[in-house]
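Below: one structure, written as structure tokens.
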Amino acid sequence: MPKDSKESKETQKSQSQPETITFELIRRIQRGEQRTPKLTKLPEGFYNNVKAYLKRKRGASNRRVVLEAKNVERLVEDVFNRRERKVFNLSIIAARTGIPPENLIDEEKDFFDKIVDTLKARRTNILNKILEKEGAQKELATLVIFNEDIQEFIGSDMKTYGPFKKGDITKLPEENMNVMIKQGVAKEFKIEK
């Protein structure tokens, strides 16, 4: 078979099918997870494909193939553990900033969402109570009117606000309102009774 024809068929195969699981691919993914604090991009259906790969290898009678399967198990467990730790750390960041991580796979999204929800609830229930001044009423949001356009931002209460146009009126946490008034970006909006 001519070389060009063979390369063309391999290119078509790689475009129509997910990446084939091999020991080398798993090792490359494991090294990638080792090198960066971010989640690396995994091939689609990675864990299901690894499961099928291991099932084929474990059923082999060749000792070398069985040893390869054991090594793959260790590598996959390391990839899983590293990604689990990264998802947890990225959940903390997301709970504080609202910035979602990249390269989450379907199996990790539910885990991530549950952690973020738990962290946000904990922050609301505990941290906000700790920061409240004794005998003082809970900080109430205050109305402000914007003097200029403002992009979306995360407030001191960890909620997302904006974007706002000049003349928009909204409620903001006291801390954010004070900063914006001080910078001349907004002014307090008072309603006459």
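The values are calculated or read from the model by the stated rules, or taken from the named source; none is laboratory data. Remember, it's a predicted structure, so these values are computed and weren't measured experimentally. Using ideal geometry, Cβ is built from the backbone for each residue, glycine included, and neighbour counts are taken over all protein chains shown.
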Original post:
In the range 162-177, what residues are surrounded by fewer than 16 Cβ atoms within 10 Å (Cβ to Cβ) and over 26 Å from VAL116 (Cα atoms)?
Top reply: LYS165, LYS166, GLY167, ASP168, ILE169
Original post:
Just one of the numbered conditions (1) β-branched (Val, Ile, Thr); (2) in contact with a helix residue (DSSP H, G or I) (Cβ under 7 Å, 6 or more places away or on another chain); (3) farther than 20 Å from ARG31 by Cα is not true of ILE93; which one?
Top reply: (2)
Original post:
Residue check: is LYS86 of a type in the set (D, E, K, R) and surrounded by 13 or more Cβ atoms within 10 Å (Cβ to Cβ)?
Top reply: yes
Original post:
When you scan the range 137-161, how many residues do you find that are buried (at least 16 other Cβ atoms within 10 Å of the Cβ) and either at pLDDT 85 or above or in a strand (DSSP E or B) (or both)?
Top reply: 5
Original post:
Does the range 24-51 hold any residues that are outside any helix (DSSP H, G or I), in contact (Cβ under 8 Å) with a residue 12 or more places away in the chain and closer than 20 Å to ASN89 by Cβ, and which are they?
Top reply: PRO37, LYS38, LEU39, THR40, LYS41, LEU42
**OP:** Answer yes or no as to whether GLU10 is surrounded by 13 or more Cβ atoms within 10 Å (Cβ to Cβ) and modelled with pLDDT under 95.
**Re:** no
**OP:** Can you work out which of the residues in the range 167-183 that are out of contact with any strand residue (DSSP E or B) (no Cβ under 6 Å at 6 or more places or on another chain) and assigned to a loop (DSSP other than H, G, I, E, B) is nearest to THR97 (Cα to Cα)?
**Re:** PRO173
Original post:
Out of the residues in the range 97-106 that are of a type outside the set (A, V, I, L, M, F, W, C) and surrounded by 14 or more Cβ atoms within 10 Å (Cβ to Cβ), which is modelled with the highest pLDDT?
Top reply: PRO101
